[in-house]
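One structure below.
The values are calculated or read from the model by the stated rules, or taken from the named source; none is laboratory data. Remember, it's a predicted structure, so these values are computed and weren't measured experimentally. Counting neighbours? That spans all protein chains shown, and the Cβs are built from the backbone with ideal geometry, glycine included. Surface areas here come from the heavy atoms of the whole protein model, side chains and all, with no ligands, DNA or RNA. Shrake-Rupley method; radii C 1.70, N 1.55, O 1.52, S 1.80 Å.
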Amino acid sequence: MYTPAITGTGVFTPDQVITNAELVTAFNAYVDLFNAQNAAAIDAGQITPKAHSSEEFIFKASGIEQRYVIDKTGVLDPQVMHPLLRQREDDEPSLMAEMALDAAQKALAKAGKTAADVDAVICAASNLERAYPAVAIEIQNLLNINGFAFDMNVACSSATFGIQAAADMIRSGSIRSALVVNPEICSAHLEWRDRDCHFIFGDVATATFIERSEDATGSYFEIKSTRCATEFSNNIRNNNGFLRRSRPDGVKDRRDMQFMQNGRKVFKEVLPLVADHIAAHMDDNNVETTDLKRLWLHQANKSMNDFIGRKVLGRPPEPGEQPNILQDYANTSSAGSIIAFAKYSDDLKDGETGLICSFGAGYSVGSVIVERRG
Ligand code: CO8
């Protein structure tokens, strides 16, 4: 048995930002346009008029101030309301592969390693650009990595589930190392015309390099334990898929082809699930609350994270104990907890313990207990 360790992380951040003010201005222009275009049907009571969004609501309900996206022009055009991304040729890198490549190269540089040191690539994300060939195999090819690669999807928990898969393979000896990458183009599966959710998501890619601790060349985070759990729920759902063409209704742009959720129910049901999951995981590994130096949580909602932090620690977290990045990035699905980990972990001292936790659609919860070495 070998000891798996996280020796490098990397974050690719798109260069375009949408502030809440910009988002609400565009959304409200779309609403005015929609209501004007449908005035007769609205007057006849056949269509419900759409309501304006507000910056105050968005910040108060979520804590989000802005989000990074691959393309803001389409999203902010009231006549379009989705990103405009050019069709790529089959012989050029896909968008997800390109984003993941940038994050992967940063993670390898941080670990002091090259692609020659990688045995496997796992592309774990909440949506995949195509069915096959796997995006992970494309990334493997772009980096010239030997070994194998595969895609997986556990929505917002994709990264932690991917880390567990990699850590288990390293522990057993079937591989020496793995890159787990999480390219998330949430802007392409968000319904920007729906006021209940149009503010929630952003785009990003993260990468985590995991290898045998004995191969680490600098300080690292030993993976002490991982735990994954799922429990079926329809409260976060996206019905898009390969059966789309075969549906007799022939409708190509139904609301359920994009992200849908019952946010209130998710909030209520996921909180106890996550708090209990973390408590049991810590308990089984003899990690006391007082041992826990940092919590890197999934980044969906500030009140949700505040609640989980209080519940896990038994007191309000001190500043920095449970870092949030969602004010800048919004919810980036599986990448959120890894962005927080990548940006706020270097200061931990030798022997200090932290916990990464993701949660989301499925429902799914994944936690990783790590200990700083060196
Ligand atoms: N502006 C103004 N008012 C608004 C707006 C708006 N934009 N939106 C809603 N309102 C109104 C509502 O109509 C409602 O009015 P009324 O009281 O008159 O009915 C009122 O404000 C309150 O609305 P809500 O009850 O919906 O507001 P909440 O306080 O519940 O906040 C949240 C909404 C922020 C969505 C909150 O419920 C939340 O964060 N829930 C948890 C969500 C969550 O964590 N989901 C995880 C999903 S992510 C995941 O698993 C990955 C999926 C794959 C990625 C997908 C990428 C696209």
Inset, instruction - Considering only the stretch 198-226, state which residues are within 16 Å of the ligand (Cβ to nearest atom) and either over 16 Å from the mean Cα position of the chain (by Cα) or modelled with pLDDT under 95 (or both). - result: 198
Inset, instruction - For residue 116, indicate whether it is more than 16 Å from the ligand (Cβ to nearest atom), in a helix (DSSP H, G or I), modelled with pLDDT of 95 or more and within 26 Å of residue 87 (Cα to Cα). - result: no
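Listed here are the residues, each with its yes/no results for (1) surrounded by fewer than 18 Cβ atoms within 10 Å (Cβ to Cβ); (2) not β-branched (Val, Ile, Thr).
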{"position": "6", "(1), (2)": "no, no"}
{"position": "9", "(1), (2)": "no, no"}
{"position": "15", "(1), (2)": "yes, yes"}
{"position": "43", "(1), (2)": "yes, yes"}
{"position": "60", "(1), (2)": "yes, yes"}
{"position": "67", "(1), (2)": "no, yes"}
{"position": "78", "(1), (2)": "yes, yes"}
Inset, instruction - Can you tell me which residue within the stretch 1-23, out of those that are touching a residue at least 40 places away in the same chain (Cβ under 8 Å) and within 16 Å of the ligand (Cβ to nearest atom), is farthest from the chain's Cα centre (by Cα)? - result: 22
Inset, instruction - Can you give me the ranges of the helices (runs of 4 or more DSSP H) entirely in the stretch 248-354 with at least 1 residues that are closer than 21 Å to residue 210 by Cβ? - result: 263-284, 336-343
Inset, instruction - Pull up the stretch 268-288, narrow it to residues that are within 16 Å of the ligand (Cβ to nearest atom) and open to solvent by 70 Å² or more (accessible area, probe 1.4 Å), then point me to the one that is nearest to residue 302 (Cα to Cα). - result: 268
Legend entry - All positions within the stretch 136-164 that are within 18 Å of the chain's Cα centre (by Cα) and assigned to a helix (DSSP H, G or I): 136, 155, 156, 157, 158, 159, 160, 161, 162, 163, 164
Inset, instruction - Read through the list (1) within 16 Å of the ligand (Cβ to nearest atom); (2) open to solvent by less than 20 Å² (accessible area, probe 1.4 Å); (3) under 14 Å from residue 292 (Cα atoms), then give the number of the only condition that residue 348 fails. - result: (1)
Legend entry - Residue identified as farther than 30 Å from residue 372 by Cα, surrounded by fewer than 17 Cβ atoms within 10 Å (Cβ to Cβ) and free of Cβ contacts under 8 Å to residues at least 60 places away in the same chain among 26, 36, 51: 36
Inset, instruction - Evaluate the following for residue 263: is it over 20 Å from the mean Cα position of the chain (by Cα) and open to solvent by less than 50 Å² (accessible area, probe 1.4 Å)? - result: no
Inset, instruction - Return yes or no: is residue 358 within 17 Å of residue 206 (Cα to Cα), open to solvent by less than 10 Å² (accessible area, probe 1.4 Å) and either of a type in the set (D, E, K, R) or in a loop (DSSP other than H, G, I, E, B) (or both)? - result: no
